[in-house]
Amino acid sequence: MKHPEQGGQLNDSAELILKRTNPLAVVTSFIRKTLAIAEMEARKMRHDPTELVFRAVQPALWLLVFGEVFSRTGAIPTGNLSYIDFITPGILAQSVLFIAIFGGMTIIWERDLGIIHKFVASPTPRVALSLGKSLAGGVRAFSQAVVVYVLALLLHVNLNGNPLSLIGVLIIIVLGAATFTAFSLVIAFLVRTRERFMGIGQVLTMPLFFASNALYPISSMPGWLKVISHINPLTYQVDALRSLMLRGWSSSFGLPLDFGVLILATTVLVIISGWLYPNAAT
């Protein structure tokens, strides 16, 4: 005769198996764990809010100095759009890039402190760990959006105040930050030292920025740079931001393609970083 406690254990085991094999339960669990990691990473900003203040200096310099000077010279053709209007979405994308590309530094710190071993040993999927950290990069980038929008209002940029467009801007910021944070995680898993990571991060940011349409239209680029620009995810982020932020401006590639490229890039890089995640613990 089956003991009551044994029957209860069997029922619990069967319930656990059903939860693991139920697709909806699996997806729900994955989302919950991903958001938990993202929330944990986002909370770190409270320990050092001065970083957000210092990060605000860079877009201010680009808009107030570079943007204003080139607006007066008219050296870069932007059609009927003023150069300060043209460059504002590009500077927002640049700010997001510069924050996200160093997001992988947390992996190196966690490995040095021995924390990463606990993550690897936990039941949280590796992809959820990577995706959570990538989404947290988008939360950190929201502060840059506030700074750029305030400066844009002061400079009388022709902003689009449509609420749906503002929501689209936030989504693009999250996607762009997630893409480059995941890219940063891949770099961190491969180089595994702070010095090499910082060096590679600094080397990559400027080529990614200048090989995009952030500062000048693609039509003014030489042929070889146009090819690079079309495979650069930052180009599609800038194109989407320019379409959503500016009144009367339409996307060069189409918003579906802009969103699709960023989603695809984020997915591929998150999967790669999730696959590399256990290497950080060795």
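The values are calculated or read from the model by the stated rules, or taken from the named source; none is laboratory data. A quick note: this is a predicted structure, and the numbers were derived from the prediction, not measured. Neighbour counts are summed over all protein chains in view; Cβ atoms, including those assigned to glycine, are modelled from backbone coordinates with ideal geometry.
Somewhere in the stretch 164-183, is a residue at pLDDT 90 or above and of a type in the set (Phe, Trp, Tyr)?
So far as the stretch 164-183 goes, yes, one or more of its residues are at pLDDT 90 or above and of a type in the set (Phe, Trp, Tyr).
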Flagged in the stretch 83-109 as touching a residue at least 40 places away in the same chain (Cβ under 8 Å) and of a type in the set (Ser, Thr, Tyr), in numbering order, are THR88, SER95, THR106
Pairing a residue in the stretch 196-216 that is of a type in the set (Ser, Thr, Tyr) with any residue that is at pLDDT below 85, where Cβ atoms lie under 7 Å and the two sit 6 or more apart in sequence or on different chains, gives TYR216/ILE76
PRO77, sole failed condition from (1) at pLDDT 80 or above; (2) in contact with a Ser or Thr (Cβ under 7 Å, 6 or more places away or on another chain); (3) not aliphatic (A, V, I, L, M)
(1)
Restricting attention to the stretch 154-161, does a residue exist that is at pLDDT 85 or above, part of a helix (DSSP H, G or I) and surrounded by fewer than 24 Cβ atoms within 10 Å (Cβ to Cβ)?
yes
The stretch 110-125: number of residues that are farther than 19 Å from ALA36 by Cβ and in contact (Cβ under 8 Å) with a residue 60 or more places away in the chain
1
Top-ranked residue of the stretch 63-81 - restricted to ones that are without any contact (Cβ under 8 Å) to a residue 12 or more places away in the chain and of a type in the set (S, T, N, Q), ranked as farthest from ASN232 (Cα to Cα)
THR73
Boolean, SER143 is of a type in the set (S, T, N, Q) and closer than 16 Å to THR88 by Cα:
yes
Which is basic (Lys, Arg) and at pLDDT below 90, of ARG247, ARG242?
ARG247
Just to be sure before I move on: is ALA281 in contact with a helix residue (DSSP H, G or I) (Cβ under 8 Å, 6 or more places away or on another chain) and modelled with pLDDT of 90 or more in the structure I sent?
no
Those helices (runs of 4 or more DSSP H) lying entirely in the stretch 175-282 with at least 2 residues surrounded by fewer than 16 Cβ atoms within 10 Å (Cβ to Cβ) and among the basic types (Lys, Arg)
194-210
Among the candidates ALA136, ALA128, which residue alone is in contact (Cβ under 8 Å) with a residue 40 or more places away in the chain and farther than 13 Å from PHE180 by Cα?
ALA128
